[in-house]
Structures are given as structure tokens and as C-alpha cells.
Amino acid sequence: MLLLHFFTPKIAHSSYILAGNQTCAVVDPRRDVQVYIDAARSLGVRITHVLETHLHADFISGHLDLADRTGATIYAPQSARCSFDHVAVSEGDEVTLEDMVLHVLETPGHTPEHVSYVVTDTSRGSEPVGVFCGDTLLVGDVGRPDLFPGRAEELAGLLFSSLHDKLMGLPDFCEAYPAHGAGSLCGRAMGAKWQSTIGYERLYNQALLIKDRTEFINSLTTDMPPAPDHFSRCSAINGSGPALVAGLSTPVPLLPAELYAKHRGDGSTVLDVRSYEAFAGQHIPGSYNIDPDTNLPILAGWVLPPDTDIILVAPTAETADEASVWLRRVGLDKVSGFLDGGLPGWCSAGYETASIELLSPARFHDRLLSDHTLEVVDVRTKAEYDDTHIKRAAHMPVADLRTRCSEFAPTSPIALICSDGQRASLGASILKQHGFTSVTNVAGGMTGYLAAGLPTEL
């Protein structure tokens, strides 16, 4: 038995290869599957099984691509009622991989259809070696149960039973292999390690230490961070079957005139993936900005219209290619092209540009003191805002600006602040699309503001 771990940053996703001498299984694969094919080839084994623990909400899975490219059989929860060819598994079923037996436990709660696969290596013994627990049990946390509107309390109760009646029945030495780690929005307080043991989590996982069912449900349904828009969309796509990556169109270089016609004519979305500093200096009017150094897939999945073509503005073709991979990972497949020559080519063609005022923390502080009409909006998460913020700042998470910007007057001066300037730049691009005429971003965000020793009691 050999286990390989694959980690996809930004979405903090863990997937695995479980290999024998000749064959292997891939568990909860990401959409771009070449990494598993290459790994299996290097091990000298064939991919024969693809195991899904649940219908993933935060990314598009690679189960169909792996099956198409390798001939592997897909195993998925029976209650998911998937629309593609697969073996439906439920409580008590067993999946055999050479000397390994994977026992299926139904572990709903994070999602209604969730299962876990308990691995026994019969060549060594009859006790379980590990469990692929998906997002039911995480390192230091458990999966969030609030992704299905109106069902949070029901699912939290199911999660309590899945944890205490199923997974906690495994021996302490059994290793736990979750599908996500720190940084994912599938939980609230995950640790940075990619694996743990049942015994360690039994002793130190704060959610598992809550033994009262009602208290557990209340804890898991209170103060959860908001779920991005694409979570429900990805879950549905994974159940019906994502389009094969090989069948998706490759983004093509577009001349400035072609981009202009698509943006103005058919309403294509323009996504600028340059740095927030570059975007502030000059950008195409009406474009979104998501700095490539921030969480591009989460923010894009959250705010971009899912059914319109996307055209990228990037510093290089390589950056555009990388961005398109991230977008596809969250189900934004309609990336039709990128601006050939980048923004310099746009400017050379004589097309209009826009800009956003970018202030240093010190100049922003001076503006706070001198301009009492300035609206300050903190676009970080509630947890970040509660930790420390400028007293005068209203709180509105960046994704909420799409639907709540009417709470501010479009002609009023507005300064946006986040942790570093990146999310605030996305927020500024949203406000500009809604007709706001005086929008400022604070360079360096609260990190720079506090580092400069500037006061928050303003």
C-alpha cells in the first residue's frame, strides 16, 4: 500500500492516490488530472478506480476526465444520484483494490450524500489503516453543514451522528485523510496539516469535544462565514457530470478591437488579472480586477457571472493560461480569450482607459482627518473586521458590494480597505461598474496602515 497526497493551493484541496503493486485509486481528484496520470506512470501502476466522497461544492472534480482518459471506474455515493456512468456505493459496500479493501460508511452532514472510505490493508492485518473522510472530519475541525438552504440544522444533526456514531468508532491509530485543509471555506478552523489520526482528533478537535447534540448543532450553525456563490453551482455540476477539459475551447489572443466588440456588444466579462497597483493606474472600463496573488478561484467563482464569456487581461500569455486553469477549477469554463499585447496594446490602439485612486496609508490617514464626507468601507471578512478595524469604517464583505452598493450614494467619495489592497481593488472595480465616480483603494490595506503606526480610533 502506497499513499500519495496532492495539494491544490488557494482552494486548499487535498486529493490522493492509493496504490498497490499494479493498480491505484484516485480519491477526490481535481479537474486538471494530468498530475495523477503522471504520478501513476512514475509508480508503474494503472489508474483503475476513481473514488468520490461527495459532490464537492468548492471545485469541479476530475472524475469524468480521469475515467475518460484512463478507463477507470468511478465510485460515488448512491444517494447523490449522479447522472454519469458510475458504481453507486452505500453503507456496508466494499471496494477492492488488490490487497486493500475500502469499506463504505455513509457520513452525511457536510452534504446529504457524503460517504467515507475506510481502508484495510489485508496484507498486513485486519484493522483499518486509514479513512478517506472527505469533508466530514477535517484536521482540527469538521465540515460545515450550512451549504444547503433551509437544511443547516438537519445536516448538523446528521454530521453529529456521522462523527460520533461512525468515524469515532474507528481505532485511535487509524489515519484520517480529509479533502481540505487550512484556507478552505468548507470548514471554519482547519489546521495546516494534511492528515491526522482518529485518536488525535478525538482528543483535540474542538468540534468533537462538544458531546451534546444540541450544543453541537448550535455551534455549527452560528457565525459561519458566508459560502461563495459557486458552491451550489459546483455541487450540481459534479453530480450531473462536468464537461471534459479536452472539449473546452482554448482561450485565444484577441486584438483590442475584438475585445472591445465582445465587451460592448455581447456583454463578455473582462477580468483583469494584473496586480492591484497596475489596475489602479490604468484599466479597461467595466472590467473586474482580481490580483493573481490573491485567491483568484474563490473570488472569481463568487462574483463573476457564470454564463457569460470571460476575456482576460494579463501581463503575459502564461499568466492568462494559468488564470484560465484556476477559473475552470471552479466551473467558469467560458474563458474565450485574452487581450493580445495586454493593456499596452489596448492603449496603443487608442481605446479609453479608467483609473482608481490609490493612496498610501499615510495619505489615506490625512484624508480621513480632512474629509468628513469620505465613506470608508472595510471589505474584509467579519472575523478580520472584528479583530481590528478603523472605527469609522463600515463593514461590507467584498462580494456583498454587488448587491448592497446601493446603500451608498454613487457620487459620494468612498475609500475601500482590506488586508493588503487586493480585495479592495476587486471591490473598487465592482463599484465603478455600478457608476460610482470617486473610489479610492488603500495600498497595503490594514496591514500597511497598522505597520505605519496609524490610529484606528478615527
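Read the figures in this text as sums done on the coordinates, not as results from a lab. Remember, it's a predicted structure, so these values are computed and weren't measured experimentally. Don't worry about glycine lacking a Cβ; one is built from the backbone with ideal geometry, like all the others, and counts go over all protein chains shown.
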Practice task
Could you tell me which trypsin sites (Lys or Arg not before Pro) in the stretch 41-94 are loop residues by DSSP with no more than 15 other beta carbons within 10 angstrom of their beta carbon?
Solution key: R81
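Identify the trypsin sites (Lys or Arg not before Pro) of the stretch 108-189 meeting these criteria: DSSP loop state and at most 15 other C-beta atoms within 10 Å of the C-beta. Could the numbers behind the result be given before it?
On the way: sites: R124, R151, K166, R188; in loops: R124, R151, R188.
Sparse-neighbourhood loop trypsin sites (Lys or Arg not before Pro): R124, R151.
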Handout entry: Percent of beta bridges antiparallel (DSSP, the chain, rounded to nearest 5)
Key = 45
Exercise for the section: Can you find, among S429, F364, L312, the residue farthest towards the positive end of the dipole of the chain? Put +1 on the C-beta of Lys and Arg, -1 on that of Asp and Glu. Expected result: F364
Completion exercise
If unit charges are put on Cβ atoms (+1 for Lys and Arg, -1 for Asp and Glu) and the dipole of the chain is taken about its Cα centre, the option from A88, S324, L102 lying farthest towards the positive end turns out to be S324
Problem - Relative contact order (%) - the chain, alpha-carbon pairs under 8 angstrom, separation at least six - result: 11
Problem - Sorted by Cβ neighbour density within 10 Å, fewest at the top, the residues H49, H114, H5 - result: H5, H49, H114
Problem - Antiparallel content of DSSP bridges confined to the stretch 2-240, in %, to 5 - result: 70
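Quick check for me: using +1 on Lys/Arg Cβ and -1 on Asp/Glu Cβ, what's the dipole size of the stretch 237-317 about its Cα centre, in debye to the nearest 20?
100
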Handout entry: Rel. contact order, % - alpha carbon contacts under 8 angstrom, at least six apart, the stretch 336-458
Key = 31
Problem - Amide hydrogen neighbours beyond the local backbone of G130, cut-off 5 Å, H modeled - result: V119, E175
Completion exercise
Taking alpha-carbon centroids only, the stretch 110-177 lies from the stretch 25-81 a number of Å equal to 20
Problem - Rg/Rh (Cα only; Kirkwood hydrodynamic radius) as it applies to the chain - result: 1.01
Fill in the blank from the handout: Residue-normalised 222 nm signal for the chain, counting each DSSP H run of n ≥ 4 as -39,500 (n - 2.57), nearest 500 deg cm²/dmol, is -8500 deg cm²/dmol
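If you average 1/r over all unlike Cα pairs in the stretch 357-451 and invert the result, what Kirkwood radius do you get in angstrom?
12.9
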Problem - Whole-Å semi-axes of the stretch 248-348's equivalent ellipsoid (Cα gyration tensor) - result: 18, 16, 12
Handout entry: Rounded to the nearest 20 debye, dipole of the chain from Cβ charges on Lys, Arg, Asp, Glu
Key = 560
Fill in the blank from the handout: Taking N as the number of residues in the stretch 2-240, the ratio of its alpha carbon radius of gyration to 2.2 N^0.38 Å works out to 0.94
Practice task
Go from 0 up to the bin containing the longest alpha carbon distance in the stretch 70-188, width 10 Å each, and give me the % of pairs per bin.
Solution key: 14, 42, 34, 9, 0
Handout entry: Ordering of 178-185, 128-135, 346-353, 6-13 by packing [mean C-beta count within 10 Å, highest first]
Key = 128-135, 178-185, 6-13, 346-353
